[in-house]
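The structure appears right after this line, and notes come after that.
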Amino acid sequence: MSTSLAGRIALVTGGSRGIGAETARLLGAAGARVFVNYREKARRAQRVVDEIARAGGAASAVRADLTDRAEVAAMTGEIRDLCGRLDLLVLNASGGMERDVPPDYALRLNRDAQVSLVDAAMPLLPPSARIVFVTSHQAHFHGRRPTYDEYEPVAASKRAGEDALRDRIPDLAARGIGLVVVSGDMIEGTITPTLLERARPGIIDARRAEAGSLPTVSEFAAEIASAATAPLETGHTAYVGGEDYLVDRS
Ligand SMILES: NC(=O)c1ccc[n+]([C@@H]2O[C@H](COP(=O)([O-])OP(=O)(O)OC[C@H]3O[C@@H](n4cnc5c(N)ncnc54)[C@H](OP(=O)(O)O)[C@@H]3O)[C@@H](O)[C@H]2O)c1
């Protein structure tokens, strides 16, 4: 990353593993004081916090199921009490393919909880704060490009979440707060493609062959961390991988 985040306060949702964990590490390495949100994997979140601290940064783990408003309020309250503000909100946590969740869970997490968190964080977001929404090409291009049946509820709900957040852009802009979206192709070595692969053996190789290559967690997280400070217009979408999606992105 080119810009130092020294003195900035960041919250990364779903920071206990995968892309969120790597994003948290990068923000910590750039000098931000990072809150690593997790839902249930406390030890994993603490490992990320310890790694950031060992690298010379500052971080804490903050538990909250984002679909639970009381837990979200407790989390933002903790950030307020410790730091008084939040400069960067990375909306990375996502789900909907878990076993035994209600049929509306994907929409509750990927749309409603994203907007609720923005609302809960609003009193902490100063002018110049930035919100980064993390999504997949399968979701971002939902309705314009086909997706896998197994991923359809996630894709539709994440697209609905992106649309709901974009609807807030004028209100956010009036407060000086920017919102940018980072969308990625299937990411190498992550859980969602692995779950899809179980249902449809061969899809990862097929997508890799179609796209030429798939982005790594490091590459995707680097773009997310960079979107935290890059001079981007509010509403901008940064794309990682999947050139074939971008040919007709209008
Ligand atoms: N994987 C890909 O191929 C890919 C491609 C493009 C874009 N993306 C996007 O990248 C982001 C991260 O993906 P990933 O593959 O790293 O995800 P992941 O491995 O499934 O991790 C999900 C994270 O979200 C947290 N989480 C899940 N439900 C939550 C809830 N109700 N409240 C709070 N936290 C919750 C999990 O916490 P716990 O572990 O504590 O449960 C975990 O830290 C997502 O927005 C995804 O759409 C992924």
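The values are calculated or read from the model by the stated rules, or taken from the named source; none is laboratory data. Quick caveat, the model's predicted, so the values are computed rather than measured. Here the Cβ is made from the backbone with ideal geometry for all residues, glycine too, and neighbour counts use every protein chain on show. These area figures cover heavy atoms from the full protein model, side chains too; ligands, DNA and RNA do not enter into them. Shrake-Rupley method; radii C 1.70, N 1.55, O 1.52, S 1.80 Å.
Of note:
- Here P170 qualifies as open to solvent by 50 Å² or more (accessible area, probe 1.4 Å), farther than 20 Å from I203 by Cα and free of Cβ contacts under 8 Å to residues at least 24 places away in the same chain.
- Residue match in the range 114-126 (condition: open to solvent by 10 Å² or more (accessible area, probe 1.4 Å) and touching a Pro at 6+ places or on another chain (Cβ under 7 Å)): no
- Hits in the range 28-51 (condition: within 22 Å of T229 (Cβ to Cβ) and within 15 Å of the ligand (Cβ to nearest atom)): V34, F35, V36, N37, V48, V49, E51
- Residues of the range 175-224 satisfying the condition of being farther than 24 Å from A29 by Cα and assigned to a loop (DSSP other than H, G, I, E, B): R175, G176, D185, M186, R200, P201, G202, G212, S213, L214
- One residue from A129, A106 being more than 10 Å from the ligand (Cβ to nearest atom) and closer than 24 Å to H236 by Cβ: A129
- R85 under 16 Å from the mean Cα position of the chain (by Cα), open to solvent by 70 Å² or more (accessible area, probe 1.4 Å), closer than 20 Å to G178 by Cα and touching a residue at least 12 places away in the same chain (Cβ under 8 Å): no
Quick grid of which residues meet (1) at pLDDT below 95; (2) β-branched (V, I, T); (3) closer than 17 Å to I131 by Cα:
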residue: R8; (1), (2), (3): no, no, yes
residue: E22; (1), (2), (3): no, no, no
residue: R25; (1), (2), (3): no, no, no
residue: R44; (1), (2), (3): no, no, no
residue: R47; (1), (2), (3): no, no, no
residue: A53; (1), (2), (3): no, no, no
residue: D68; (1), (2), (3): no, no, no
residue: V72; (1), (2), (3): no, yes, yes
residue: T76; (1), (2), (3): no, yes, yes
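- Count of the range 33-48 residues which are over 20 Å from C83 (Cα atoms) and either touching a residue at least 40 places away in the same chain (Cβ under 8 Å) or assigned to a helix (DSSP H, G or I) (or both): 5
- Residue pairs meeting the criteria (Cβ under 7 Å; at least 6 apart or on separate chains; first outside any helix (DSSP H, G or I), in the range 16-30; second of a type outside the set (K, R) and open to solvent by less than 40 Å² (accessible area, probe 1.4 Å)): S16/V36; S16/Y38; S16/A45; S16/V48; A30/L5; A30/A225
- Filter result (surrounded by 21 or more Cβ atoms within 10 Å (Cβ to Cβ), farther than 25 Å from A106 by Cβ and of a type in the set (S, T, Y)) within the range 30-62: none
- Positions within the range 1-15 being within 11 Å of the ligand (Cβ to nearest atom) and part of a strand (DSSP E or B), in sequence order: V12
- Of all residues in the range 95-106, none satisfies being under 24 Å from L5 (Cα atoms), open to solvent by less than 30 Å² (accessible area, probe 1.4 Å) and either at pLDDT 95 or above or in a loop (DSSP other than H, G, I, E, B) (or both).
- Test: residue in the range 63-72 that is in contact with a Phe, Trp or Tyr (Cβ under 7 Å, 6 or more places away or on another chain), within 16 Å of the ligand (Cβ to nearest atom) and open to solvent by less than 60 Å² (accessible area, probe 1.4 Å): no
- Test: residue in the range 72-85 that is in contact with a Pro (Cβ under 8 Å, 6 or more places away or on another chain) and part of a loop (DSSP other than H, G, I, E, B): yes
- Exactly one residue out of G235, G178, G143, G212 is away from the ligand (no atom under 12 Å from the Cβ), open to solvent by 30 Å² or more (accessible area, probe 1.4 Å), over 23 Å from G96 (Cβ atoms) and not acidic (D, E), and it is G212.
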